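Structure first, commentary second.
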Amino acid sequence: MKKVIGIVSEGPTDYLVLKAVIDKITGEENRYLSLQPEPDMLGRYGNGWKGVWRWCKETESIGMLMQEIQPSIDAIVIQMDGDVVRKEKEVHCLCETTVCDDRGKIFPLYCEKTADKTCPVEIPCMSHEKGIDAMMSHGKQVLESELGNEDMTHIAITIPCDSTDAWVVAAYDELDDVEMFTDPWDRIIAKGKYYHGIRVRGNKKSTSTYQLFSGKVAECWNAVTEKCRSAEILEQEVRRILM
């Protein structure tokens, strides 16, 4: 019987990649529900990494949600890219080295200081070690802190580094330290009009293009996990919650 898997992701291209690799890991064609963002991208929480964070904070009971949706959800995978930790001030609001009168009083995404440019957060944040493991740990901690006392038995968090685009590069190219490239979409994939024969339109990540990319990532998943620590951890988490 097919498993029903809910996915909370930054956007539709990430959703396609996650579907493909989870099927690859489990060896089955599962059924998927995009819990976040909603299909029209105009749902309650918005899209992108902020939408993922809001979903974690404002979903009252994930366990109840998994049972209420029919057919009931067997597991949930939550994705937020590591580049958020690298460049977004909000995820560093509660760090020990952040000096701010509102620290811990206001949910970072609701704070007006980031909008009016008075936010005192400094990046890179000196509260954390550098490196892929530290980036993943920080991103996971940010989301877990909003999940409260949720039972994580069937919930997995993945923090692709620098983004899911790095997994695409790892599938196609023989490059070392793929996760150390910042903005792999701009620097590698969309650097020209074509990427390995696939038409790429600048900053626009189309689902049709990513349908091809996600298939390649799944096909070369073993190579991707060898090059990307974040992919390896996702595989471990998928096996934990589903197998």
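We did not get these values from a lab; they are worked out from the coordinates using the rules stated. These numbers come from a predicted model, not from an experiment.
Per-structure values
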| quantity | calculated |
| --- | --- |
| Helix runs (DSSP H) in the chain reaching 18 Å along axis by Cα, Kyte-Doolittle at least -1.0 | 12-26, 132-147, 229-242 |
| Nonlocal amide H pairs with Ile78, under 5 Å, H built at 1.01 Å | Val8, Ala156, Ile157, Thr158 |
| The range 188-199 - phi-based ³J(HN,Hα) in whole Hz, Karplus 6.51/-1.76/1.60, Gly and Pro as x | 10, 5, 9, 5, x, 6, 10, 10, 6, x, 9, 5 |
| Note, ³J(HN,Hα) from phi for the range 89-97, Karplus 6.51, -1.76, 1.60, rounded to Hz, x at Gly and Pro | 4, 4, 6, 10, 4, 9, 5, 4, 7 |
| Value in Å of the Kirkwood radius, where the range 188-243 supplies the Cα pairs that are averaged | 12.9 |
| Sorted largest first, extent of the chain alpha carbons per principal axis (Å) | 50, 45, 32 |
| Members of Lys19/Lys227; Lys57/Lys227; Lys50/Lys105; Lys130/Lys205; Lys89/Lys216 lying beyond 27 Å, as alpha-carbon distances in this model show | Lys57/Lys227; Lys130/Lys205; Lys89/Lys216 |
| Amide H contacts under 5 Å for His128, placed H, 5+ residues apart | none |
